[in-house]
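Okay, structure first, notes after.
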Amino acid sequence: MSVSQALLSRLASFSSCEVADALIKLKLPHGGYLPGIEMFSPDHIRGPTTICGPAFTVKMVLQSDQAAPKPAKHFVDAAEPHSVMLVSAPPHTRSAVWGGLMTARAQSLGVKGVVIDGRCRDLGEHRESDFPVFARGHSILGQSPFTRPSELQVPLEIVDPTVPRDEHGTPLFPPVTVHPGDVLLADVDGVVSVPAALAEKVVELATEGRRVDTLCMDDLRVGKGIKETFALHRGK
């Protein structure tokens, strides 16, 4: 299922927090949140940058994994215009899977930005290009000889490697599965994934959530208490 450009534009008007709140109301236990991934470019967790677009997914594997498939073309060359690339590296990888040359090519193709379940490098080049990069961290090491691309446009399960696990090995914060074409929205607060089938409902709930929060903010700014304000506008 694809999301129309008109609907993408409406989603892009909301913050990642507003979208996550809507997804929680829709009973997604993780709220679509990709924890631990933050803005590195065009600045570090600062500024008004927001990217919103369909996910173009890339699965990386360890270079030593000879059994995993290989893509027919370079993963950045395969990227679709107006998409947000989602690149997933093997857990605990210390090398980068995205650098300045990739940003140059992605930007020339009209890619809106990249979200990396892993590390980036060449921060100065991304920032000079004003290209949005969101990642778990950064490195001075490139892909080779550590990782390589394997599969494109496949579902990716995003798990924060720092999240504790229970006695059965299950992460205490639920993983988020991102399918190609799901909507990724990223801003100064973080990254959220919206299942394509829920995009319209998310816009409806986020619109109502913003209306209520505006009423709450107006009351709080004139000196009313949080308890009475929430009781009046949120019903709790």
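The values are calculated or read from the model by the stated rules, or taken from the named source; none is laboratory data. If you're wondering where the values come from, they're calculated on a predicted model, not measured in any experiment. Because the Cβ atoms are built from the backbone with ideal geometry, glycine has one as well, and the counts that use them run over all protein chains shown.
Values computed for the structure shown
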read-out	value
Any hit, segment 116-135, residues being touching a helix residue (DSSP H, G or I) at 6+ places or on another chain (Cβ under 6 Å), surrounded by fewer than 24 Cβ atoms within 10 Å (Cβ to Cβ), touching a residue at least 12 places away in the same chain (Cβ under 8 Å) and on the phi > 0 side of the Ramachandran plot	yes
Matching helices (runs of 4 or more DSSP H) fully within segment 1-111 where at least 1 residues are more than 30 Å from GLY124 (Cβ to Cβ) and in contact (Cβ under 8 Å) with a residue 40 or more places away in the chain	5-12, 16-25
Test: residue in segment 125-133 that is closer than 19 Å to PRO180 by Cα and either aliphatic (A, V, I, L, M) or in contact with a Lys or Arg (Cβ under 9 Å, 6 or more places away or on another chain) (or both)	yes
Residue within segment 191-207 that is touching a residue at least 24 places away in the same chain (Cβ under 8 Å), of a type in the set (Val, Ile, Thr) and over 23 Å from LEU11 (Cβ atoms) present	no
Condition met for PHE40 (over 22 Å from VAL212 (Cβ atoms), at pLDDT 95 or above and buried (at least 17 other Cβ atoms within 10 Å of the Cβ))	yes
Single unsatisfied condition, ASP189 versus (1) in contact with a Gly (Cβ under 8 Å, 6 or more places away or on another chain); (2) within 19 Å of GLU38 (Cβ to Cβ); (3) at pLDDT 95 or above	(1)
The one condition in (1) at negative phi; (2) surrounded by fewer than 15 Cβ atoms within 10 Å (Cβ to Cβ); (3) modelled with pLDDT of 95 or more that ALA79 fails to fulfil	(2)
Sole exception among (1) buried (at least 18 other Cβ atoms within 10 Å of the Cβ); (2) closer than 26 Å to ASP130 by Cβ; (3) not acidic (Asp, Glu) for GLY31, by number	(2)
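Yes or no, residue by residue, for (1) at negative phi; (2) out of contact with any strand residue (DSSP E or B) (no Cβ under 7 Å at 6 or more places or on another chain); (3) modelled with pLDDT under 95:
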position	(1), (2), (3)
ILE140	yes, yes, no
ILE158	yes, no, no
THR162	yes, yes, yes
LEU184	yes, no, no
ALA197	yes, yes, no
VAL202	yes, no, no
VAL212	yes, yes, no
MET217	yes, yes, no
